[in-house]
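As structure tokens, the structure follows; a few thoughts come after it.
The values are calculated or read from the model by the stated rules, or taken from the named source; none is laboratory data. As the structure is a prediction and not an experimental result, all values here were calculated from the model. Here the Cβ positions follow ideal geometry from the backbone for every residue, glycine too, while neighbour counts run over all protein chains shown.
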Amino acid sequence: MKIEMRTDNRFLNTLRQLGDAEADALVDELFLQKRQGELYTLLQQSEAFLSATNSSPIATFILSRKKNPEWYTKERILRGQQVFGEYASEIMMLLGAMALPYCYAASPGNKALYLSDKMRQSPGKRLLDTAKFLIGVSSPGALTTNNSGHIHINKTRLIHAIARYHVKRGAWDMTWGEPINQEDMAGTNLAFSVVILLGLQQSGFVLSPQQKNDFIYLWRYIGYQLAIDETLLPESYLEGYRLAQVIKRRNFKKSMEGVELTKALLNYYKSVVPKDQTLLIESQINYLVGSQVGGYLGLKRNTFADRMTSFLSASKEVKNFLLPHQSTFEAMLRQHRLLQDTVTLTIGRSK
């Protein structure tokens with residue numbers, strides 16, 4: 001049965017009032033019982049440890065799997081993960097330079113990120129956590145041959161519910177909707193799928209229609225497991241692009257929160273890349289997200305850096321278009337381990 005996507009303002013406004021009922025109910029009950037320490041501890045534990053924790057509703061939730069939808073096809077999930085494996089390094093670069101900035105441009109959704117402090121106070125740790133999630137759900141077999149991908153998803157659902165619990169007890173205005181609501185979660189899902197595909201295309205890579213649609217299908221399934229309303233989960237790249245444009249039109253604007261979140265991200269990048277590359281970071285992000293979104297994020301223009309970025313990017317696009325592409329999955333894993341070491345070292349120095 002085909003699920004019709006709805007993009008009318010009245011429906012999307014309704015979904016802005018909804019979070020994740022199951023995860024929110026569990027977190028509310030745990031805080032009421034003053035069991036948040038147990039919650040935080042189990043969120044850090046392995047599958048083996050959680051499996052041995054028989055009586056905990058937290059472990060039960062993390063290890064659970066939603067019943068697969070009628071449209072579930074294992075082969076398409078694996079094909080979507082193969083696309084990730086093929087372009088893994090490029091996708092991880094686009095995550096930090098394009099997808100996350102896109103999320104920061106959406107207001108009032110970005111207010112939840114801003115008010116939770118974590119994206120501003122420790123952007124390296126937040127970037128690492130997001131990268132871990134992306135790898136955890138996108139690596140071949142993670143959602144089909146083992147349970148690791150679903151554990152990443154369920155932990156993320158609980159982390160979102162914890163954020164909602166705390167943010168609503170602070171300076172949150174409910175006229176903005178629920179923190180991390182259905183529309184905002186759908187927008188993030190599109191940032192990790194549609195926007196990433198746009199970034200690959202902009203980088204000179206040519207993906208077939210099937211590859212694009214399989215990658216969208218992978219994120220449709222991830223979104224379903226994240227408890228996003230199915231009417232906000234596109235069936236194809238074209239449908240996802242159209243929904244992304246609707247959400248962009250409804251939510252993208254310049255805001256203090258978006259500017260500050262972007263500034264924290266830029267400062268982190270400048271602290272970890274070689275000094276001679278820091279000049280081009282802001283221009284590279286602006287090049288990828290476009291001048292309109294870059295303006296919303298408060299990205300500064302630098303004529304020399306912008307021209308240099310355009311020249312280098314155009315040269316790389318031609319190279320990517322002309323030369324055969326080889327899988328960058330293993331290279332991505334090495335880069336990820338390096339990021340882990342860098343963030344761990346930085347956190348250790350700050351203590």
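Go through 75, 90 for me and flag whichever is more than 22 Å from the chain's Cα centre (by Cα) and within 26 Å of residue 145 (Cα to Cα).
On the way: 90 fails: more than 22 Å from the chain's Cα centre (by Cα).
After ruling out the rest, the residue left standing is 75.
Criterion applied to 19, 85 was being modelled with pLDDT of 95 or more, surrounded by 13 or more Cβ atoms within 10 Å (Cβ to Cβ), assigned to a loop (DSSP other than H, G, I, E, B) and not charged (D, E, K, R), and the one residue passing it is 19. Pairing residues of region 118-146 that are in a loop (DSSP other than H, G, I, E, B) and buried (at least 18 other Cβ atoms within 10 Å of the Cβ) with residues that are at pLDDT below 95 and β-branched (Val, Ile, Thr), at Cβ distances under 9 Å and at least 6 apart in sequence or on separate chains, gives 122/343; 122/346; 122/347.
Inspect region 321-335 for any residue being touching a strand residue (DSSP E or B) at 6+ places or on another chain (Cβ under 8 Å) and not aromatic (Phe, Trp, Tyr) and give the result as yes or no.
For region 321-335, residues touching a strand residue (DSSP E or B) at 6+ places or on another chain (Cβ under 8 Å) and not aromatic (Phe, Trp, Tyr): absent.
Residues that are at pLDDT below 95, aliphatic (A, V, I, L, M), out of contact with any Lys or Arg (no Cβ under 6 Å at 6 or more places or on another chain) and under 30 Å from residue 252 (Cβ atoms): does region 278-293 have at least one? Yes, region 278-293 contains a residue that is at pLDDT below 95, aliphatic (A, V, I, L, M), out of contact with any Lys or Arg (no Cβ under 6 Å at 6 or more places or on another chain) and under 30 Å from residue 252 (Cβ atoms). From the residues in region 278-324 that are within 25 Å of the chain's Cα centre (by Cα) and part of a loop (DSSP other than H, G, I, E, B), which one is surrounded by the most Cβ atoms within 10 Å (Cβ to Cβ)? Once the filter is applied, the top-ranked residue is 297. Looking only at residues that are among the hydrophobic types (A, V, I, L, M, F, W, C) and surrounded by fewer than 23 Cβ atoms within 10 Å (Cβ to Cβ) in region 93-115, which one is farthest from residue 253 (Cα to Cα)? Restricting to residues being among the hydrophobic types (A, V, I, L, M, F, W, C) and surrounded by fewer than 23 Cβ atoms within 10 Å (Cβ to Cβ), the top hit is 93.
In region 22-69, which residue that is of a type in the set (A, V, I, L, M) and part of a loop (DSSP other than H, G, I, E, B) is farthest from residue 223 (Cα to Cα)? My answer is 52. Of the helices (runs of 4 or more DSSP H) lying entirely inside region 153-254, those containing at least 3 residues that are among the hydroxyl-bearing types (Ser, Thr, Tyr) and surrounded by 17 or more Cβ atoms within 10 Å (Cβ to Cβ) are 209-225. Suppose the filter is within 14 Å of the chain's Cα centre (by Cα) and of a type outside the set (Phe, Trp, Tyr); does residue 159 pass it? Spelling it out, residue 159 is indeed within 14 Å of the chain's Cα centre (by Cα) and of a type outside the set (Phe, Trp, Tyr). Within region 188-217, residues that are closer than 19 Å to residue 72 by Cα sit with their Cβ atoms under 7 Å from residues that are among the aromatic types (Phe, Trp, Tyr) and surrounded by 20 or more Cβ atoms within 10 Å (Cβ to Cβ), at 6+ positions apart or across chains, in these pairs: 189/219; 193/215; 193/219; 212/237; 213/237; 216/237. Every condition in (1) under 16 Å from residue 89 (Cα atoms); (2) touching a helix residue (DSSP H, G or I) at 6+ places or on another chain (Cβ under 8 Å); (3) exposed (fewer than 14 other Cβ atoms within 10 Å of the Cβ) holds for residue 332 except the one numbered (3). Tell me, please, whether a residue that is closer than 12 Å to residue 186 by Cβ, touching a Leu at 6+ places or on another chain (Cβ under 6 Å) and not acidic (Asp, Glu) can be found in region 206-221. Checking region 206-221: at least one residue is closer than 12 Å to residue 186 by Cβ, touching a Leu at 6+ places or on another chain (Cβ under 6 Å) and not acidic (Asp, Glu).
Please work out if residue 33 is surrounded by fewer than 16 Cβ atoms within 10 Å (Cβ to Cβ), within 22 Å of the chain's Cα centre (by Cα) and over 19 Å from residue 133 (Cβ atoms). No, not satisfied.
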